[in-house]
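The values are calculated or read from the model by the stated rules, or taken from the named source; none is laboratory data. Everything numeric here is computed off the predicted structure, so don't read it as measured data. FYI the Cβ positions are ideal-geometry reconstructions off the backbone, even for glycines, and counts take in every protein chain you see.
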Amino acid sequence: MTDQESKLDYTAILNDMKAKRASLDASIAALESTLAMFGSSSAAPRSTASATAPPPPMDLPRGAFLGKTVGDAITLYLTAMRQRKTVDEIAEGLLSGGIATTSPNFKGVVQAKLQHLKANGHAVRHDDGWGLSEWLSPGFRPTVEKKTAKPVKKAKRAKPIDKAAKKAEPKLKQTPGDREAPENIHTMPKAS
């Protein structure tokens, strides 16, 4: 061994490499979760170990739902959790994520919004909770028929009666002899 090799602390180098590896693993996991959240099809293939097990749920930072609508927050929450959740779990998760509300019954607000998302084909109700319809294969996804609104018929208004003009016109009674023959009727020539 030379003097330079004896001065190297291999334990410190190994610890430094492990710390860099942990940082890289965290960066890779964050990038994969971001790609999964936005549905990117260009995600790198995963190893066989992670392909068999579903990815773990993401931890959302406090304030993740600040400024979001309830519908957007529900979609983001379910995307991050990657598993079905009950209405209570969703409401609790949104509140812990920092969504702003003044409702004394926030669970009811979440339930109503989930029903709205279901009607629009974005959420699906299962026996064990709510999930996103994008998790289902295309054949099992709910189809939403677009309703065409029937045109509203406007009530016909009666024309205003000009009382002065009505009084000025004299009404004449027609007798059967006063009628004129229509122009389109041709009379037959008399036979001689």
Checklist entry - So is residue 79 outside the structural domain of residue 32 (by TED's automatic domain parsing), buried (at least 19 other Cβ atoms within 10 Å of the Cβ) and under 19 Å from residue 133 (Cα atoms) or not? => result no
Checklist entry - Quick one: what pairs do we get from the range 15-38, first residue closer than 19 Å to residue 83 by Cβ, second in a helix (DSSP H, G or I), C-beta under 8 Å, 6+ apart or different chains? => result 33/80; 36/79; 37/76; 37/79; 37/80
Checklist outcome for this item: Note on residue 138: of the conditions (1) loosely packed, with under 12 Cβ neighbours inside 10 Å; (2) at pLDDT below 75, unmet is (2)
Checklist entry - When residues of the range 92-106 are filtered for being farther than 15 Å from residue 68 by Cα and either surrounded by fewer than 15 Cβ atoms within 10 Å (Cβ to Cβ) or touching a Pro at 6+ places or on another chain (Cβ under 6 Å) (or both), how many remain? => result 3
Checklist entry - Can you pull out the helices (runs of 4 or more DSSP H) entirely within the range 57-137 that have at least 1 residues that are within 20 Å of residue 30 (Cβ to Cβ) and not acidic (Asp, Glu)? => result 70-81, 87-96
Checklist entry - Within the range 5-60, how many residues are under 30 Å from residue 72 (Cα atoms), at pLDDT 60 or above and loosely packed, with under 10 Cβ neighbours inside 10 Å? => result 3
Checklist entry - Restricting attention to the range 74-108, and to residues there that are among the charged types (D, E, K, R) and touching a helix residue (DSSP H, G or I) at 6+ places or on another chain (Cβ under 7 Å), which single residue is nearest to residue 127 (Cα to Cα)? => result 85
